[in-house]
Structure formats: structure tokens, C-alpha cells
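No lab work stands behind these numbers, since they all come straight from the coordinates. None of these values were measured; they are calculated from a predicted model. Methodologically, a virtual Cβ is constructed for each residue, glycine included, from the backbone with ideal geometry; neighbour enumeration extends over all protein chains shown.
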Amino acid sequence: MKLGKIFSGVHWFSTLMVYLRVTRVESWLGWIFSFGLGSIILSLPPLDYFLVALFAFSLATASIFILNQYFDRKEDQGNAFKSNLPVASGRIAPQTALILSFSLIILCLFLVSLINSSLVLLFFIYIAIWTAYSVPPLRLKTVPGVDFVTSGIGAGFMPFLMGLELTDKLSSDVLLILLGAVPLMLIHCSGHVIQAIGDYEVDHKMGIHTFVVRYGRKNGTVVAGFMFILACFAPLAYSIFGLLPYKHLFLFFVFFPLSVPIIKCYANVLKEPSTKNVICLQKTATKYGIIWMAVTLGYLLLVKILGF
């Protein structure tokens, strides 16, 4: 009897892990950062209000990634680094994944409607953008150029706007909103192109015409690097034009050492844009990017709380 309970508990735990894995949380930490930045950059929302909205945002984002796996399952099966994803590997049936995705969307919109009805439209647009990205007939991921621009808007711009609306600051200066969103968009555009470089062989074989498939891995690497540089130096440009106080620029020098390992990995991708080098770059960027995001959000919280 005890042995049966143990096996039952192990099975339940392994099933839970599979369902957590299908949400691919590790792939959307940067999306949470965009949402969190928008939520605190101008004012601080009540903590309970923020936590419910963050949970709803997480549900929406999880549903987006599950939906993407449903429509990409054939391509993922031919990708050595994605074939072990729950839907591609068959650990979760495609129909189950689809039902789970829709269920999370409904729960998300329900929660948002309870706390802030004005947020519902933004959440709906957010979900619609990513649905158009993955789902035929639009399937924007197959349109060169549009693919990474959609990613920049969906992962950088929209979460930032949703965070601003959470604090009723969406009606603030449009220029200020754009200044905050542009670096986020550029970083996510860059990250998307790098991901497409890693998926190049499978996408090319399956006839998926991404920007990288159309223009080549080398050109894609150059474009991704250029967008990342623009994003990193945007705060410096803002300060030069008097749009950002110089006192905040010390963060630039804090982040530079964290960027060195990422730059080295990028140089390897530029030299040889292989899937192996892309995976190394992604892992390094995630490792140091988490520190970068935590420091940025922590600093902004201190600024708001202490008022300096």
C-alpha cells in the first residue's frame, strides 16, 4: 500500500513537472521584466493588485507559449534542441495542449476583469498579437522582418504598456512611454533573431521563411548585434538630449562587466552562426540577464521608495 502511494506521488509530481515544462517559463523572464518595468517606472501599484495582475500576465504568457508549441510541434520534432518539449515529444497530447492554452486565457481575462476592466483590452491585444504570430493563416513568424518586429512589440512594448496601465499611467507623455519601450523592443527583436539563427536548419528544411532563412545566418547575427547595441546605448543618448538624468548612468558601468561574457559568446556566433554557439549565447545571456534585470528593478524600487 505504501509503495503504491509512493509511485502515485511520483507519477503526480512528474506529471506536474511536464505541465510546468510546457509553459516554458525560462523563455519569458524578459517578458516579465518588461511588465514589471512598466509597473514601477512611473509609480508603484498596490502590492496585492500588482501580484494578481502579474499572475494573470503569467497565465496569458504561458498560454501563448503552449499555443506556439501546438502549431510548431512538427518543426520542433525535427529540432534537436526542441524535440524534448512536451508537445513535440508526445508527453502532452496536442489536443490537451490546446485546451490548456484556451483555459489559461479564459482564467487570465477573468482575473484581469476583476481588478481592472481597462486592462482587459490590452491583455486581449497582447494575446491576439501572439496568436497571429503562431496561428495560420497569418502565422507572422513566417514573414521575414515582420517576425522579429512582432516579437519586439509582443514581448517588449505590450507588456510595458500593460504595466503602465496597471498604475493608470498609460495616459502619460507618449514620448516618455516610447523612450521606455524602444530599448525593450530592440532587445526582444535581437533575441528573436538569435533564436531564429539557432532554428535556421529546421526552418529552412520545413520551408519556414523567417528573416534569418531569407537573408542568412551571418546577416541575421549582424542585425541582432546592431539592435542590441542600440538598446544598450539608448539610455546614454537619452541623457545627452536631457531626457534622462545623468545620475542614473552609473548603472551603465555596473552592467558592462556583466555584458563581457555575452559579447564573447556573440563573437563566436558571428564567427560561426551554428546552433551550438547560439545555445551557448542564450544560456549566457539568460544567466547574466537575470542579474541585470534584478538590479534594474531593484534600483527603480529604491528610487521610488526613497525618492531620490
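A few comments on the model shown:
- By the combined test of axial Cα extent (at least 15 Å) and Kyte-Doolittle hydropathy (mean at least 1.6), the qualifying DSSP H helices of the chain come to 94-115, 117-134, 174-198.
- Gain on full stretching of the segment that runs from Ser171 to Lys264 - 0.36 nm per residue minus C-alpha separation: 29.4 nm
- Using 0.36 nm per residue and subtracting the Cα-Cα separation, the extra length available between Lys218 and Ser118 on full extension is 31.7 nm.
- Annotation: lysines with alpha-carbon distance below 16 angstrom to Lys169 (same-chain offsets under eight excluded): Lys304.
- For Lys82, the lysines whose Cα falls under 26 Å of its own Cα, not counting residues fewer than eight places away in the same chain, are Lys74, Lys141, Lys205, Lys218, Lys264, Lys271, Lys276, Lys283, Lys287.
- Simple spin-label estimate for Ile290 and Asp48 gives 3.1 nm between the two label positions (7 Å along the Cα-to-Cβ direction from each Cα).
- For the chain, calculated [θ]222 nm from helices alone, where every DSSP H run of n ≥ 4 adds -39500 (n - 2.57): -25500 deg cm²/dmol
- Separation of alpha-carbon centers, segment 247-308 and segment 126-186, rounded to whole Å: 21
- Counting neighbouring Cβ atoms within 10 Å and putting the fewest first, the residues Met293, Met17 line up as Met17, Met293.
- Stretching the chain fully between Ala80 and Phe253 yields a gain of 58.5 nm (0.36 nm per residue, less the alpha carbon separation).
- Modelled this way, with points 7 Å down the Cα-to-C-beta line, the labels at Ile240 and Phe110 are 5.2 nm from one another.
- Placing +1 on the Cβ of every Lys and Arg and -1 on the Cβ of every Asp and Glu, with no other charges, gives the chain a dipole of roughly 820 debye about its Cα centre.
- Distance between the pseudo-spin-label points of Ser27 and Cys280 (7 Å out from Cα toward the beta carbon): 2.3 nm.
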